[in-house]
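What follows is one structure encoded as structure tokens, with my remarks underneath.
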Amino acid sequence: MSEDISDQKPAASVPKPGVLSLAIKEKAALYAAYMPFIKGGGLFIPTNKTYRMGEEVFMLLSLLDDPNKLKVVGNVAWITPVTQGGRPQGIGVQFNPQDGGTEARNKIEALLGGVLKSSRPTHTT
């Protein structure tokens, strides 16, 4: 007996989430990368790799002097395709609250404190 597999996709064609490792060592760099205007928070990640809107990515974040890495899943919510007006090429990733996003947002906002209300430009504003 033969089995019709013409409707099945090969395993290799199933996209896997991208893995991004990001170490932000200065408060100014964290401020420039953080995207508080996105629901649940997010980060701008400089990259020249091509991503699609909504694509899932897995992030390993090192923030300032904390030796612990945060594991966060998110989705691409912003794309700067090429350097524009002094802004670097990259993607903005919206944190997934169920997969480390709430912890990441809370930690980033605690680290930034009053700086969040600053009018200084960021990578996305």
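Each value in this text was obtained by applying a stated rule to the coordinates, not by laboratory testing. Values in this document were obtained by computation on a predicted structure and should not be read as measured data. Here the Cβ positions follow ideal geometry from the backbone for every residue, glycine too, while neighbour counts run over all protein chains shown.
Numbers below:
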| item | result |
| --- | --- |
| Nonlocal amide H pairs with Gly42, under 5 Å, H built at 1.01 Å | Met35, Phe95 |
| Relative exposure of Leu60, Leu20, judged by other C-beta atoms within 10 Å (fewest first) | Leu60, Leu20 |
| Order of Glu26, Glu103 under a 10 Å beta carbon neighbour criterion, fewest first | Glu26, Glu103 |
| For segment 46-56, Karplus couplings with θ = phi - 60° (6.51, -1.76, 1.60), whole Hz, Gly/Pro x | x, 6, 9, 6, 7, 10, 10, 4, x, 5, 7 |
| Mean Cβ count within 10 Å, highest first, over the residues of peptides 76-82, 30-36 | 30-36, 76-82 |
| Total lysine pairs under 19 Å (Cα atoms) in segment 16-116, excluding pairs fewer than 8 apart on one chain | 11 |
| Computed P(r) (all Cα pairs; segment 16-116; 10 Å bins; percent) | 16, 54, 28, 2 |
| Burial order of peptide ranges 43-55, 86-98 (average beta-carbon count within 10 Å, highest first) | 86-98, 43-55 |
